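Enquirer: Dropping the structure in here first, questions after.
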């Protein structure tokens with residue numbers, strides 16, 4: 001049983017809580033600035049904690065848990081010093097991110113994670129510290145500050161970029177919860193938003209494709225663009241993994257290893273036809289490559305930036321800006337395959353589900369409306385109504 005006592009310190013009244021833990025008496029001094037009401041509530045909490053500790057009870061009632069969580073850091077520290085509660089160790093935001101990345105790098109070295117994923121987390125860390133101080137304490141990170149951060153990002157970045165940033169940050173904070181560095185993620189309850197953003201979708205027509213090829217500085221770039229636009233490959237992940245041994249010339253098909261879907265059983269890769277428009281680009285590069293392992297050898301690093309040189313090629317070709325060029329080329333090919341060969345072959349060759357196709361790839365074009373209009377005009381016209389004869 002805990003007791004509340006008082007003593008004078010100068011002209012001020014001080015409260016103290018005394019209790020026994022086993023045979024050892026412990027005193028919690030509250031200081032002069034705490035009121036009698038606060039002292040009595042603290043006494044109630046201490047009695048509950050002592051009772052739970054003596055009886056091996058680990059789950060507190062909700063009311064007590066809420067009081068402890070909302071108590072001042074000083075009161076929580078007093079309970080911790082009395083060994084009635086445990087306070088997670090204090091870490092800076094920089095320490096949390098660095099520890100998380102070290103953990104992920106170990107997973108990558110063990111073959112459980114891709115290098116591209118590490119790069120995504122590093123980019124997310126950089127963007128995170130554009131707003132938050134590296135020396136700020138993890139425990140001080142609040143839901144309100146993160147909600148404001150999300151709104152600020154939405155004013156600067158596309159919705160998909162913000163969703164990706166929140167996804168990676170949430171992984172870091174959930175990892176910190178698992179380490180018991182914090183009790184609850186301050187991002188809990190803050191929606192990350194949608195990754196689907198169709199505002200910048202742009203069809204890359206065959207006319208655009210031919211102009212891009214003509215502007216390419218070498219056969220590697222011609223093949224990269226052809227694999228993305230005609231083969232429908234993800235770039236750079238699938239394009240850079242393509243090997244010459246994957247191309248079965250006599251069978252007119254090639255095997256695409258897909259890091260995006262390889263963690264799903266039976267989805268490690270897919271077979272894609274050597275389309276007529278793609279074949280000459282592959283043959284030309286093969287004749288020049290000798291006995292190298294990969295089809296594309298100029299850009300082997302996973303950190304290679306293909307977007308900047310592509311923009312130069314597009315500018316040289318006289319094309320307007322294409323915000324997501326490789327996604328746009330893949331999307332365009334998805335639409336073509338879907339319309340010409342049907343849903344099943346599109347799913348197999350492009351390598352995604354019907355839902356992903358509907359959410360990210362299928363797109364209405366001006367040609368669709370024109371085709372529908374021309375089809376309607378070929379129908380037999382209704383005869384004009386005959387005016388009644390006079391008289």
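The values are calculated or read from the model by the stated rules, or taken from the named source; none is laboratory data. Here the structure is a predicted model, which is why all the values come from computation and not from measurement. In this analysis, Cβ positions are derived from the backbone assuming ideal geometry, glycine residues included, and neighbour counts consider all displayed protein chains.
Enquirer: When you go through 89, 73 one by one, which is the residue that is closer than 30 Å to residue 33 by Cβ and without any contact (Cβ under 8 Å) to a residue 24 or more places away in the chain?
Expert: 73
Enquirer: Could I ask something else about it? Go through (1) under 17 Å from residue 93 (Cβ atoms); (2) part of a helix (DSSP H, G or I); (3) touching a residue at least 60 places away in the same chain (Cβ under 8 Å) and name the single condition residue 119 misses.
Expert: (1)
Enquirer: Among (1) under 21 Å from residue 348 (Cβ atoms); (2) modelled with pLDDT of 95 or more; (3) assigned to a helix (DSSP H, G or I), which single condition is residue 213 missing?
Expert: Only one criterion is unmet by residue 213, namely (1).
Enquirer: Let me spell it out: the conditions are (1) out of contact with any helix residue (DSSP H, G or I) (no Cβ under 9 Å at 6 or more places or on another chain); (2) surrounded by 12 or more Cβ atoms within 10 Å (Cβ to Cβ), and residue 49 meets all of them except one. Which number is the exception?
Expert: The number of the failed condition is (1).
Enquirer: Another question, then. Kindly provide the set of residues from segment 238-260 that are closer than 14 Å to residue 350 by Cα and assigned to a helix (DSSP H, G or I), ordered by number.
Expert: 238, 239 - these are the residues of segment 238-260 that are closer than 14 Å to residue 350 by Cα and assigned to a helix (DSSP H, G or I).
Enquirer: Additional query: May I ask you to verify whether residue 348 is modelled with pLDDT under 90 and on the phi < 0 side of the Ramachandran plot?
Expert: Spelling it out, it is not the case that residue 348 is modelled with pLDDT under 90 and on the phi < 0 side of the Ramachandran plot.
Enquirer: Could you tell me how many of the residues in segment 68-102 are surrounded by fewer than 14 Cβ atoms within 10 Å (Cβ to Cβ) and more than 30 Å from residue 41 (Cβ to Cβ)?
Expert: Count: 1.
Enquirer: Right, something else. Say whether the condition of being within 16 Å of residue 218 (Cα to Cα) and either crowded, with 18+ Cβ neighbours inside 10 Å or at pLDDT 95 or above (or both) is met by at least one residue in segment 252-274.
Expert: No: segment 252-274 contains no residue that is within 16 Å of residue 218 (Cα to Cα) and either crowded, with 18+ Cβ neighbours inside 10 Å or at pLDDT 95 or above (or both).
Enquirer: Every residue in segment 16-37 that is farther than 17 Å from residue 77 by Cβ, surrounded by fewer than 12 Cβ atoms within 10 Å (Cβ to Cβ) and within 49 Å of the chain's Cα centre (by Cα), please.
Expert: Within segment 16-37, 35, 37 qualify.
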